[in-house]
Each structure stands twice: as structure tokens, then as C-alpha cells.
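The values are calculated or read from the model by the stated rules, or taken from the named source; none is laboratory data. Only a predicted model underlies this, so the values are computations on that prediction, with no experimental measurement involved. Heads up, the Cβs are rebuilt from the backbone with ideal geometry, glycines too, and the neighbour counts pull from every protein chain shown. Just the protein is used for accessible areas: all its heavy atoms, side chains included, with ligands, DNA and RNA removed. Shrake-Rupley method; radii C 1.70, N 1.55, O 1.52, S 1.80 Å.
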Amino acid sequence: MLLAVLSILHGTQIAVASDQASGNPGRSIRPVNSIADSSIHWPSAEQFLRVLTLRDFNTRVVVLGVACLGLACGTIGTFLLLRKRSLTADALSHATLPGIAIAFIIMAKLGGDGKQLAGLLLGAFIFGGLGVGAILVIRHTTRLKDDAALGIVLSVFFGVGLSLLNLIQQMPLGHAAGLNRFIFGKAASMLPVDAWTILIAALVISLSCLVLFKELTLLCFDQGYARSQGWSVITLDMVLMVLVVGVTVIALQSVGLVLAVAMLIIPSAAARFWTEHLARMVIISAVIGMVGGYLGATISALVPRMPTGPVIVLVCSGAFIVSVACGPKRGVVARTVAQKRLGRRVAIQHLLRAVYECSEMAEKKVSSGNTVANVTAPLGELVKVRSWSINQLSRLIRSACRGKLLVSGNSGVALTDHGLREAERVVRNHRLWETYLIHYADIAPSHVDRDADEIEHILGHDMIVHLEQILSGKVKSDPMPPSPHHLSVAPTDVNGVTA
Amino acid sequence: MTQWSILDTWIVIVGSLCAAACALPGTLLVLRKMSMMGDAISHTVLAGLAIAFLVTHRRDPATMFVGAVVIGLVTALLIQLVGSLGRTEIGASMGIVFTSLFAMGLVLMRQAIDHVEIDPDCVLYGAIEASYFDQITWMGMNLPRAAIINGGAGIFNLLLIVVLYKEFKVSAFDPALSTTLGINANVMHYLLMTMTAVTTVAAFETVGSILVIAMLIVPPATAYLLTDRLSFMMCWSVLLAILAAIFGHVSAVTVPTWFGFGGTSTAGMMAFCAGLIFVAVWLLAPRHGVLSKVFHRCILQLRIVREDVLGLLYRLEELPPSHELSTTPALLQGILGVGPVLSTLAVSSLARRGYIEHRSGQLHLTNQGRRAGRHLIRSHRLWESFLQKHLHLASDHVHEPAEQLEHITDAAMQNQLAERTNQPQTDPHGKKIP
Amino acid sequence: MGYQGRSDMNFFYSRIAGWLMLGMVAGIAMPVASATRSDPYKVITTTGMVTDIVKAVAGDKAQVVGLMGEGIDPHLYKPNAADVRKVLASDCIFFNGLMLEGRMADTFFKAARLGKSVYPVTESIDQEFLLEPPEFSGHWDPHVWMDVVAWSKCVEAVREALTQEDPDNGEYYRANCQAYLKKLTGLHQYVKNVIASIPQAQRVLITAHDAFNYFARAYGIEVRGVQGISTESEAGISDINHIIDFIIDRNIQAVFIETSVSDKNVRALIEGAKNRGHHVVIGGKLFSDAMGPSGTYEGTYFGMIDHNATTIARALGGHAKPGGMKGKLKSDDH
């Protein structure tokens, strides 16, 4: 008996070891590699070669199939993402259940085998279509959003399907077991006919997207304009959704639920991080889908016990994480760096203004011919201007000194020539904006400081020129307008409120 | 309903409690466009079960439940994280998180637990019908555990929502405003997600997944068509959820018997009934319903035709007597270019209200009708003057817009128009303004 | 006007709710199914295999009702209200156990508190007849019926349980049990013989999923499932390629599909082997978790095992009559 069990083994040596270790021979199903003993077997060079050259028939079929699927789903998924309907495939996969149940009943009643895949798929397709129809009706006739429409269709259709399945189980039709998952394929067991179907679907989808690119773009971004151009939004929406139903049903039966859903969402969501341009986004998304499919299939062909569909999903999520981190504009790293840089620029500008204003006040006190540039602002004064800690302040001053904006002496800091120009620019922007707010936004002079604080850093040259024109009669703007409110060195709290 | 027994009563009670418990957070989820939350968690549960099994080597419902709750929370947190960190649309971030976790679960299963069945349907999901067997003695009463758990979840959700009502409301409708009010929208969001995760998984364990997924979405979405106020919406969705649960079970045990079956899945039929209620409301809701929209449109159209008839008769009266035209209903219909049903309806309702009268086959305005007609024509001509004077439309282009605007102009607006156009005596076509 | 309408509707619903509440109170007040024992006493069983052996032992002394027809995957079974009513009305419950019925098993144990006798048939036999994965001890493989000897032990367990329920008819059950066991012994011998008639090198059973480990142990045939035991389980490309290598190395002639699992896994194997010049066919449909249509020979435990063994033997080059052990099998239609 032990021999019989042992002879069933996968990789003989490991299996034998673990069987002996388990200590009760004869009662084990089969020594499976558990987490504990599944040391990762690096594939040999020969195996690498075998997989990379696609020497195995099944590897070829699956790689072709999933790569094409990635292309098709990546393309159409972009539009779904922008329409906020990413989860359509998931809703559809549930909505097909009543169709499958009804198809089964009809086929079994007609005396055939109830589990003819083609018949079940037809039922699934019809109910997928009905589901999408219901989604569109809900979307266009109520104020509910897409997510609610998807959820309603998903749960109600699935509930009907469950009730029908329960009835089927009471019918003497036979073989109904496993019906609810019967049409869900597994990527690894893809057949050539599946791969060809996917290839054709990919071609159809790419072509349709190419032909209808402008229309679909408008559908996603500007429905009002699309309507005014004489396109029926509902018709376009239907075209898009018919493509989605088609690709979903094909994907469900060839690669299963999880991969079908993921392929429509993840590549396009990842592509969103690399570009703002729709055409590029579609292409990047298709490429991510394709490469993800290829890589995942390759890993699954190299490493034992790696289910193909889930591995592809994980590869695509990896691509998504990389995109989230490294995307050039929207990526987390890029955004953090940009934010840091902006924060520093703002802080330094604040410092310059503080130094300038301190100097300005000092100048008033001595009321001699001193220019601002020669006056030194003592640290004690500066620290009172804003809610800076001494540490922060000295760090800022150091970095401003490095940038040759300030020179620090014993009694405090003073502006360099370069720093003076920069400070004048900042102060001028600040005061112009304050004046504008006072005159045109009816904000009390005591409150404008804080508002101007946020704007001064992002006022462009054109804006300044414009402001000068508007304010030309109201303020003497050359060379430096006076502060429209009382300057004080009273400490201000975080919100900029004067104590 | 010959065989209604205590079993059915408890099924209905458990179903109602579960439905009500889900409908409360569901309302907020629908408002935040996160309706698919229940479905997402039902997929990721697999990964939680696999991990819980690998850690404990046990498959009993309690262990599986803990695994599912943990993964439910992780799902909720990750969805929020992906949504905020990646600025990804929330539906997409749900899809990304649940497919990835589901895939992870499948890889774990294949790698490590290929010879133990840990399908959620096998080890976690309960059935609402079977919940009756699992009874707990509480205060001397035997109560199904499912009723206590779902009732508890419902009360917990209710308390949380009552206590933090304002915070939930503001953060659901206007996250930016909530920040200025000192409410951390993110914290509220995580709180809602936690509430959802615990409620759904607790309900999965006692009544199965489809009931939860349906009750989280369908009743709140239905309520959204009935009211604009959050508090009403919550009450409605709880009420509708309970209705769906009751009718769902009743139809599950009765409808199939008409066709010779023994009954069908109660949870499936509850979801279906929730759908039926949605369709009914979608058709019949007082303001947002399809039929009522059609009805209101018809009423509006009828009013417009009625006014047009008055206007037309008034214009005909204005003409010098030599132009005397016959004013038979058929002729009116021809001039106004509306269908026979509408014009007949309009004429008869005008006659009933005493605006016009039939005299020798012709229609004539009564004094009351003449006043109304004068008002309409005055509005029309004032609008024409206004459009020409202030919007600089050519005089041959002002008739069409005025034709539409005249119907929505009341006396106050008319006075304003007259003021803005300096009380003109004639309109751009030279006709007298009455 | 809107307010008028709303309050009208509220009134309408409150009326309905009132009536329903009344109905529910009436429901609670109604007596629960009487606890007295019915005659003949009622036995509830789960899968067809369990129903079959309980019926065989109980004969006409008990009224045996099976919950799961042929179209049900026992792992994922969820009862409807009618099923629950049947369970409530019964006196005792027999089910497979070892988590075959998933959450329902848990429910049955809870039902024991309501005064039902509950018997998981596979859990009462000696553990040496059971199989478990080595790294997860205690999580036994529930497909015990594939091994006729182990299943015979379950028949004895059923007899003991029925005797306990109804001691007066103990002798009757013993006699039924002996007669049935005798038939099973014959079946066991038949299966052993036909499997042994397959050439040693060909004695490999390749199926869509992993449900035949007991069969393998009992009858000395290797099994290879394309995917794991769970319906969610999924294979990788390398697994498929390995099995194809294996098929070609061992020159295997046939692979098998199951009634409850999609045949695509297996068809992928066939296509892959064909591409490498090896001809392998679908040997037939095997019954794994559910039996054939009720009322047919394959709809009994006996016929199911006969069908499986005969199909396997004939496809892999062993000697077996097309009609199987009793000549009652329908010719395979694949």
C-alpha cells in the first residue's frame, strides 16, 4: 500500500522525505509539498530555454491567448476605467448565472446533455447582454451612479440564478453539479480554439477602438459635446458595452473570473499613471496587459504549482504598484518630491519676505537713507514673524545662504543683492495681491495677509502684469508698493492669525 | 401558505435583521459610489480563509470567521489606500484590490493547501434557511445565533450612525466641507469601511453571501429614488430591505410550489424581491420614477396646449371684425399643430373650468378666459421686446423663444419685464401689448 | 401634494407591515413539529451514496429521504426551506462527514441540540481507513466511498447507528447489512480484478480534479488530478506540461473527465499530447462527488463504482465487459 502511495508522487525525493517525516505511512493521501517544504526549485537553464522558446504546445497556446487577451482587455478597459465602470466584468460574470441555468434546463429538456458549453455560453451571452441593458437603463433613466447600477444588476441577477439553480437541483435532469462554475475556464487549460477566439476578439476590439476612437473619447470626457455633434450617447455607450460583454464572456470561458476581471481593470489603471493623453494611455494599457500576460504565463510555465490566471493577475498588480510609485506626474514618488520642493520654495520665499519686512521696519525706525539691503534682520525678530521654531528657522537660513540669497552675520541675517531682488519680487507680488483683495474682493485689510500668503508663490508673470494694470490707479506700484496693512512682528499662529 | 411555521418566522426575522443591518452602511456606500464593496469582500474572503488555515491548521467556522473578518478589514483599508495614494477611481481600486487578493488566495491554495477544500461556500458561508438549527439560549429563550449576530450588527450600526450622524452625512456628501468643519473625512471613511467589513462578514457566516451583497446595494439605491434626505433614505432603505426579506421568503416557499417544486433558495429570492421592489419604485416613485416623469411631462404639455388655445383665441379676438375666422375645435387643432387627443382634452378641460364656451359650434373666450389669454399674450410680447432690446435678437427671431418663455412667466416676472423694457406699448412686430 | 402622497404610502405600508406582523406572531404561536417519534421513523440523509447505504440497511423499517439529488455538489450545498422542514420533521440524520457537506455538517451537529440523532458515517469508522494530507493532519479526504472496503465499514457504522435508534429491529438491520456487505465484497473483488487486468505501466488514472485518492489506494492505480481538490483550485502551465510529459513517458492511452467538472483541463492535455504525436483519448465520464440520475443503475452506489471501474479498465486496456459487473451499464456516450 505504501508503495502504491509512493508511486503517485510528483517529485520523488522531496515527497519521500516528507512522507517519512509525517510518520504515519499508509494514511496519507499523497505527500504534497506544503509551505514548510516547498523550497523554491529554480528552473534549470534547459527549462528556461524550453519555456522561452515556447517549445511546448500548451505553453504556446496559453502565452498567445493571454497576451492577446491582455491586448484586448487593456484597450477596452481604458474606456471602462474612464467611464467609471471598471467592475462591469465582475457584475457581468454574476449576471450570466440565470442564462446558464435557463440554457441548461432547455438543453436538458430537449433531451441532450445539459452541459453543452456552446449552449451555456449562448445563455450567458444573452443574460450578459440583458444585464448590460439593465445597467444602461438604470444609468440613463435614474440619478443612480454606475456603481449602484452594476451592483443592482449583479445581485438581483445572481439571486435569480441561485433560485433557478436550486430548482434545477430538484429536477431529474442529472449532472447539474458544478453548473455555476462550469463556464469559468482556467487559463492553463486553454485550448487552441480559445486562443484563436481571443485573437479575433482582440483584433475586432482594436479595430473598433481605432475606428471609433474620437467618438469613444468624447463619450468618456464630454458627453454634452458628443451629443451636440449629433452622436447618440446611448448608442455609443451600447457599442462600448457590447464589446465589453463579448470580451468578458470570451475571457470568462477561456481564463476564468479573476483574470477576466483583473485584465479589464489593472492595466488601464496602471497606464493612467504614465500619461494624461488618452491615445497613449490606451496603448500603454494594452502593452501592460500583453506583457503582464506573457510574463505571468512564463512564470507559471517555469515554476511548478503556479496557477496561471492568478499569477498573471499578480504580475499586473506588480506593474500597477510600480506605476503608482514611479509614474512621472501622478506617481507617489514624483508627487512627494514635487511637494517637498514646492514646500521648500515657499518656505524660503516666506523667509525672504520676513527678512525684507523686518529690514523695512528697521529702516523706518532709523529713517535714514539706508537701503533695505544694508539692514540686518536679527533672528529674534524673524522668529516672531511666523510660527517657526528656532531650528526650522536656522535650517532655512542655512539653505538660503547656500543659495546665495542671504548672508548671515553676528547680529542676524541680511539680504544679498540676488536675495534682495528675489525678496522684492515676492513682497511685491504679495502686496499687489493684498491690494487687489482689498479693492476687489472686499476683504478687510487685517485679513488679506493670510490669503495673499497662499497665492503669492504661484502668481505668474502675466498675472502680475495684469494686476499692475488693474491696480495702476489705486497704488503706487513702482518700485515697491507700501504694505496695505499695518506690519507687525507679532507672532502669528499656524493659521496666520495675528495674536 | 398552509405550512407557515416557526421556522419560516425565524427565517423572515433573520433575513429582516440581516437586511436592515446591511442597508444602514449600504446607504452611505451608495452615496460614496462604493456599492460594490460587499461583492469585493465576498471575493477576497478566499485569501483570508487560506491564510487562517495555514496559520491555525483548522477549518472550524470560528477560525474561518476570524480569517474572513481580518481580510475584510484589510480589503477595506487597501481599497481606501489605493484610492487615495494612487488617486484611482474607487471602483477601479476595488477591482484592483479584490482581484489581487483573490489571486493571492488562489496561489496560496495551489501552493500549500491543494488537498483540503477551503472554498468559502464550503467552510464559511452559512445558509439563512439552516440558521434555525443553530440556537443559543439567551435569557431563557432559544434564539437562532444568526438572529443575535445580525441583530447585534444592526444595533451596532444604528448606534454608530445615530451618534456620528452629522459626521457621516457631511463626509459622505462633501469631504472638503467636512475638513473645514474639523471632521476628518478619512477617519469617517475608515470607520464606514470597518463597519461594512464586519457587518458583511458576520452576515456571510450566518446567511450566505448573495443576501448581503444584494441588501447592501439594492434597498439603499431604491431609497435614493424616493427621497433626497439622508435620514429618510436610511429609514426607507431599512424598510424596503425588510419588505424584500419578507416577500422574498414568502415567494421562495410559495411560487415554486405552483410549478410542482418544493421551494427554492430564500436568499436568492430575497435578492430578487429587492430587485422587484427597485423596479416598482423606479417606475412609480413620486418624483424620480419613470412613469411619474412621463406623467408630469404629459400634464405640462397639456397645460401648454391649454394656454396656447387661450392665446390663440385671444389673438383671433384682437383681429378686426372683418377677419372673423371660425373657431371650431378642428381648426384650432390645425393651427396649433397638436394631436387630436391633446387638443380635445385641452378644450374640454378649459370649457369645464369656464375659460371658454361653445356657442353655435364655435369656441369663445369667457371673461375669465379673456383675462388669462391677455396675460399670456402680454407675457409673450413683453418677452419679445425684452429679447430684442437686451439680447439684441432680430425681430424675426424673437417669436420662437418667447413662445416657450410665455408659459413660465408669472405676474411678478411680467412686471419686471415691463420695467426693464420701459413699459412698451407695442412689441417688435408692432402689435399692441395688452 | 408630494407630502400627501408620501404619507398615503406610509399608511399603506404600515397596513401591510401590520398584517405581516400579525402573521408572524401567529407563526410563532403555532406548535413546533411534534417531537414524538413517527412510525416508521424518518431518516434524513445527504449525498446519494449515504442515502443508498442507509436505505439498504434500514429496508422498510425507516422512511429514508435523501436531501442531495444527483445535481448537487455536496461541498457547496445550501438547503432551501423545504429541505430544512424535512430535517426538522426527521428523527435522525446520516451524513458523510469529514467536511464533505461543508457548513451543513456544522449545522447538523447544531441540530443535535434540537433532539435529533446525528451520525457522520465516515467519522465513525477506524481512522486507518482514512487518508489525510501529511502536512495537515486531521483534514481527512472525504471521498471515502471510492474505496469499497472503507465504505463497507461505513455500512457497518450505519447498522450500529440504526440499531441504536431502533433496538427492536436490530436483527433485521444485521441481516440487511450482511446481505449488502456481501454484495459490496463482490463489487470490491470485481473492481480489483478489472483494475488489475490493466497492464502495470498503464495503470494511471488522470482526471480533472483530485477526488480519486481512495480509489488509488484500494485498487493499486496511480492518480493524477490536473487541479487540486477544491473547485476553486487552478493548475499552472508547468503542471499541465508535466502531466503531458508523464502521459508520453508512460504511453498512457486515455484520460478521464468528471461529470461535475468542466472537461477543458483534460482536453488541454489531449491537445498537448496530440501535438507531440501521442494519441490519447477521453476514456469516459467518471462519477466523483455525485452519482448518476436517480432511477438508473448508475444512480446507485453499486452502479456508480461499477461504472467508474469498468470505464477505467476498458479505456486503459484492461478486460471488462461493456455492461460492467452486472451487465447493466449503459454504453458510454462521450
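Candidates are the residues of segment A:26-63 that are surrounded by 13 or more Cβ atoms within 10 Å (Cβ to Cβ) and among the hydroxyl-bearing types (Ser, Thr, Tyr); the one that is modelled with the lowest pLDDT is A:34. Hey, could you check segment C:287-328 for residues that are open to solvent by less than 10 Å² (accessible area, probe 1.4 Å) and in contact with a Gly (Cβ under 6 Å, 6 or more places away or on another chain) and say which is nearest to the other protein chains (Cβ to nearest Cβ)? Among those that are open to solvent by less than 10 Å² (accessible area, probe 1.4 Å) and in contact with a Gly (Cβ under 6 Å, 6 or more places away or on another chain), it is C:292.
Residue B:94 meets the stated requirement of being more than 7 Å from chain C (Cβ to nearest Cβ), under 31 Å from the mean Cα position of the chain (by Cα) and either farther than 30 Å from residue C:213 by Cβ or crowded, with 24+ Cβ neighbours inside 10 Å (or both).
Of the set (1) closer than 20 Å to residue A:129 by Cβ; (2) surrounded by 14 or more Cβ atoms within 10 Å (Cβ to Cβ); (3) among the hydroxyl-bearing types (Ser, Thr, Tyr); (4) away from chain B (no Cβ under 14 Å), all apply to residue A:217 but (1).
Residues checked against (1) free of Cβ contacts under 8 Å to residues at least 12 places away in the same chain; (2) surrounded by fewer than 22 Cβ atoms within 10 Å (Cβ to Cβ); (3) of a type in the set (D, E, K, R); (4) in contact with a Phe, Trp or Tyr (Cβ under 6 Å, 6 or more places away or on another chain):
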site: B:321; (1), (2), (3), (4): yes, yes, no, no
site: B:333; (1), (2), (3), (4): yes, yes, no, no
site: B:357; (1), (2), (3), (4): yes, yes, yes, no
site: B:361; (1), (2), (3), (4): no, yes, no, no
site: B:364; (1), (2), (3), (4): no, yes, no, no
site: B:380; (1), (2), (3), (4): no, no, no, no
site: B:383; (1), (2), (3), (4): no, no, no, no
site: B:395; (1), (2), (3), (4): no, yes, no, no
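Using the structure shown, decide if residue B:183 is touching an Asp or Glu at 6+ places or on another chain (Cβ under 8 Å), surrounded by 12 or more Cβ atoms within 10 Å (Cβ to Cβ) and among the hydrophobic types (A, V, I, L, M, F, W, C). Against the criterion (touching an Asp or Glu at 6+ places or on another chain (Cβ under 8 Å), surrounded by 12 or more Cβ atoms within 10 Å (Cβ to Cβ) and among the hydrophobic types (A, V, I, L, M, F, W, C)), residue B:183 qualifies. For residue B:125, only one of the following conditions fails: (1) aromatic (Phe, Trp, Tyr); (2) more than 8 Å from every other protein chain (Cβ to nearest Cβ); (3) not in a helix (DSSP H, G or I). What is its number? Among (1) aromatic (Phe, Trp, Tyr); (2) more than 8 Å from every other protein chain (Cβ to nearest Cβ); (3) not in a helix (DSSP H, G or I), the lone unmet condition for residue B:125 is (2).
Residue count for segment C:221-234 satisfying the condition of being modelled with pLDDT under 90 and more than 7 Å from chain B (Cβ to nearest Cβ): 4. Look at segment C:268-288: where a residue is assigned to a helix (DSSP H, G or I) and a partner is aromatic (Phe, Trp, Tyr), sitting 6+ places away or on another chain with Cβ atoms under 6 Å, you get C:272/A:57; C:275/A:57. Considering only segment A:311-331, state which residues are within 7 Å of chain B (Cβ to nearest Cβ) and at pLDDT 95 or above. Once the filter is applied, which keeps residues that are within 7 Å of chain B (Cβ to nearest Cβ) and at pLDDT 95 or above, segment A:311-331 yields A:311, A:313, A:314, A:317, A:320.
Would you check which residues across segment B:74-85 are without any contact (Cβ under 8 Å) to a residue 24 or more places away in the chain and either under 21 Å from residue A:150 (Cβ atoms) or aromatic (Phe, Trp, Tyr) (or both) and list them? B:78, B:82, B:83, listed by residue number. Put simply, of B:48, B:86 the only residue that is open to solvent by less than 10 Å² (accessible area, probe 1.4 Å), in the same structural domain as residue B:234 (by TED's automatic domain parsing) and modelled with pLDDT of 95 or more is B:48. Among the residues of segment A:64-87, those that are within 13 Å of residue A:187 (Cβ to Cβ) and open to solvent by 10 Å² or more (accessible area, probe 1.4 Å) comprise A:64, A:67, A:68. For segment B:107-118, filtered to residues that are open to solvent by less than 10 Å² (accessible area, probe 1.4 Å) and part of a helix (DSSP H, G or I), the residue that is farthest from the other protein chains (Cβ to nearest Cβ) is B:109. Kindly provide the set of residues from segment A:96-113 that are small (Gly, Ala, Ser), surrounded by 24 or more Cβ atoms within 10 Å (Cβ to Cβ) and under 13 Å from residue A:176 (Cα atoms), ordered by number. A:101, A:103, listed by residue number.
The condition of being open to solvent by less than 40 Å² (accessible area, probe 1.4 Å), without any contact (Cβ under 8 Å) to a residue 40 or more places away in the chain, in contact with a helix residue (DSSP H, G or I) (Cβ under 7 Å, 6 or more places away or on another chain) and more than 8 Å from every other protein chain (Cβ to nearest Cβ) holds for only one of B:222, B:227, B:264, that being B:227.
Close Cβ contacts (under 6 Å, 6 or more residues apart or on different chains) running from residues in segment A:280-293 that are surrounded by fewer than 24 Cβ atoms within 10 Å (Cβ to Cβ) to residues that are part of a helix (DSSP H, G or I) and among the hydroxyl-bearing types (Ser, Thr, Tyr) comprise A:281/A:78.
Residues in segment A:397-419 that are of a type outside the set (D, E, K, R) and surrounded by fewer than 20 Cβ atoms within 10 Å (Cβ to Cβ): 11 in all. Of the residues making up segment B:66-106, those that are hydroxyl-bearing (Ser, Thr, Tyr) and assigned to a helix (DSSP H, G or I) are B:75, B:84, B:93, B:99, B:100. Scanning segment A:124-170 for residues that are facing chain B (nearest Cβ under 7 Å) and closer than 30 Å to residue C:46 by Cβ returns A:155, A:158, A:159, A:160, A:162, A:163, A:166, A:167, A:170. Looking only at segment A:171-183, filter to residues that are more than 7 Å from chain C (Cβ to nearest Cβ) and in contact with a Gly (Cβ under 8 Å, 6 or more places away or on another chain); which one of those is least open to solvent (accessible area, probe 1.4 Å)? Once the filter is applied, the top-ranked residue is A:179.
For segment C:190-219, a residue qualifies if it is surrounded by fewer than 21 Cβ atoms within 10 Å (Cβ to Cβ) and in a helix (DSSP H, G or I), and the qualifying residues are C:190, C:192, C:193, C:196, C:200, C:201, C:202. Here residue A:188 fits the description: open to solvent by less than 40 Å² (accessible area, probe 1.4 Å), of a type outside the set (Val, Ile, Thr) and either touching a residue at least 60 places away in the same chain (Cβ under 8 Å) or facing another protein chain (nearest Cβ under 7 Å) (or both).
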